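Participant: I'd like to ask you about the structure that follows.
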Amino acid sequence: MRMRRIPWAADYLTTSPSRVHAPEQNKGNWNSSKNGKLHLEIGCGKGGYSAVMAALYPQDTFVAVERNESAAGLAAKKFDEAGVSNLSLVYGDGADLSQWFAPGELDIIHLNFSDPWPKKRNAKRRLSAPGFLEQYKTVLADNGQVIMKTDNQALFEYSLPVFAHAGFMLEEVSVDFRREDHPEDPLTEYEEKFVQAGNPIYRAIWQKG
Ligand SMILES: C[S@@+](CC[C@H](N)C(=O)[O-])C[C@H]1O[C@@H](n2cnc3c(N)ncnc32)[C@H](O)[C@@H]1O
C-alpha cells in the first residue's frame, strides 16, 4: 500500500511540538520518568499505535520514528492532538538510531507491520535484518525487548532465525495473536485492515540475551 502524498506534511513537521528536530541532542536523556519504560516504535506510519500506547501507559515514554514525510506529518498531527506529554516523533530513518539513543537506553522496540522487502537484494532494508539487530542490541537495556507484529508470514519466518543468530531469546510467539482479545496492545492502522480481512497476525517478543 503506497502512502498518498499529504501536501501540508512538510510545513506541519517544521512547527509540530511533538517533533524532535535534533534527536541526537536527547541521547541518554529521553526518559524523564524514573519508574517508566522507554519505548521506540520504528516505522510508526500514521502514528495510531504509539498515540494509543502513550495514553494507555502514561508512566512510560514513547518515541516513534517515521521516514516517510507524509506519514510523519500525519503522525505529528495525531500526537499533537492526543494531548499526552509522553510521546514524541522523530522524522528520520531508523537506521540512524544509535546516533539518537545511548547504549542500553531503550526498554522496548516495537516493529509493527514493517515493510517486508521481499526481494533478496533488498533484504538489508528489513527492520529485522542483522545490521538493524546489532543496533538494537546496543541501544537496548540488558533485559530489553523487541516486539514484532506482522501479517507477512515470509517476513516472520525470515526474522525468527535472524534474531536467534543475533543472540536474542524468543520469549513469546503467536501465529494468530488477535484470536484472543488483547486490550493491552492497540491495533495499528495496518493491523485494523488485516484483521478486518480475516488475516492472522504473527507476533513475537524477543529479549536481549
Ligand atoms: C507498512 S507501514 C506500517 C505502518 C504502521 N506501523 C502500521 O502498522 O500501521 C511501514 C512504515 O514503516 C516506515 N519505515 C520503513 N522503514 C523505515 C525506516 N528504516 N525508518 C523509519 N521508518 C521506516 C515506512 O515509511 C512506513 O510508513
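Participant: Quick one: in the stretch 108-190, what % of C-alpha pairs are over 17 Å apart?
Facilitator: Taking all Cα-Cα pairs of the stretch 108-190, the fraction more than 17 Å apart is 48 percent.
Participant: So what's the convex hull volume per residue for the Cα atoms of the stretch 57-130, in Å³?
Facilitator: That works out to 116 Å³ per residue.
Participant: Pairs of alpha-carbon atoms within less than 8 angstrom and 6+ residues apart define the contacts here; what relative contact order does the chain have, in percent?
Facilitator: Relative contact order for the chain comes out at 20 percent.
Participant: Leaving out ligands, DNA and RNA but keeping every protein chain, what accessible area does residue 114 have, in Å² rounded to the nearest 10, with a 1.4 Å probe?
Facilitator: Here the accessible area works out near 20 Å².
Participant: A follow-up question, please. From the mean inverse distance of alpha carbon pairs (Kirkwood) and the Cα radius of gyration, derive Rg over Rh for the chain.
Facilitator: Over the Cα atoms of the chain, Rg/Rh equals 0.93.
Participant: Something else now. What trypsin sites (Lys or Arg not before Pro) in the stretch 88-169 are in a loop by DSSP, with at most 14 other Cβ atoms within 10 Å of the Cβ?
Facilitator: Hits after loop and neighbour filter: 119.
Participant: Over the chain, with a Gaussian network built from C-alpha contacts below 10 Å, which listed residue (48, 92, 28) shows the highest mean-square fluctuation?
Facilitator: Looking only at 48, 92, 28, the largest GNM fluctuation is found for 28.
Participant: Report the residue, chosen from 35, 112, 86, that carries the largest GNM mean-square fluctuation when the chain is represented by alpha-carbon nodes joined by springs under 10 Å.
Facilitator: Of the options given, 35 has the highest mean-square fluctuation.
Participant: What accessible surface, in Å², does a 1.4 Å probe find on residue 108, ignoring ligands, DNA and RNA and rounding to the nearest 10?
Facilitator: Counting only protein heavy atoms, the figure is 10 Å².
Participant: At 0.36 nm per residue, and after removing the present C-alpha to C-alpha distance, how many nm does the segment from residue 96 to residue 165 gain when stretched out fully?
Facilitator: 22.6 nm
Participant: Another question, if that's okay. With each run of n ≥ 4 DSSP H residues scored as -39500 (n - 2.57), what mean residue ellipticity at 222 nm is computed for the chain after dividing by its residue count and rounding to the nearest 500 deg cm²/dmol?
Facilitator: So the calculated ellipticity at 222 nm is -9000 deg cm²/dmol.
Participant: Quick one: work out the % antiparallel among DSSP beta bridges in the chain, nearest 5.
Facilitator: Beta bridges within the chain, antiparallel portion: roughly 35 percent.
Participant: Another question, then. Just to make sure I understand: if all protein chains stay in place, what is the order of 157, 184, 81 by accessible area at 1.4 Å, largest first?
Facilitator: 81, 157, 184
Participant: Hand me the chymotrypsin sites (Phe, Trp or Tyr not before Pro) from the stretch 1-98 located in a DSSP loop with no more than 16 other Cβ atoms within 10 Å, in residue order please.
Facilitator: The qualifying sites are 8.
Participant: Take the chain, connect every pair of alpha-carbon atoms lying under 10 Å apart with a spring to form a Gaussian network, then pick out the residue of 180, 191, 69 with the largest mean-square fluctuation.
Facilitator: Judging by the Gaussian network model, the answer is 180.
Participant: Relative contact order of the stretch 1-105: what whole-number percent is it, with Cα pairs under 8 angstrom and at least 6 residues apart?
Facilitator: 36 percent
Participant: Could you tell me the distance between the Cα centroids of the stretch 8-52 and the stretch 60-85, to the nearest Å?
Facilitator: First find each Cα centre; the distance between them is then 6 Å.
Participant: Let me ask another. Rank these by accessible area, largest first, 1.4 Å probe: 203, 179.
Facilitator: 179, 203
The values are calculated or read from the model by the stated rules, or taken from the named source; none is laboratory data. Just so you know, these numbers come straight off a predicted model, no measurement behind them. Every residue, glycine as well, gets a Cβ built from its backbone with ideal geometry; the counts of neighbours run over all protein chains shown. Heavy atoms of the whole protein, side chains included, go into the accessibility calculation; ligands, DNA and RNA do not. Shrake-Rupley method; radii C 1.70, N 1.55, O 1.52, S 1.80 Å.
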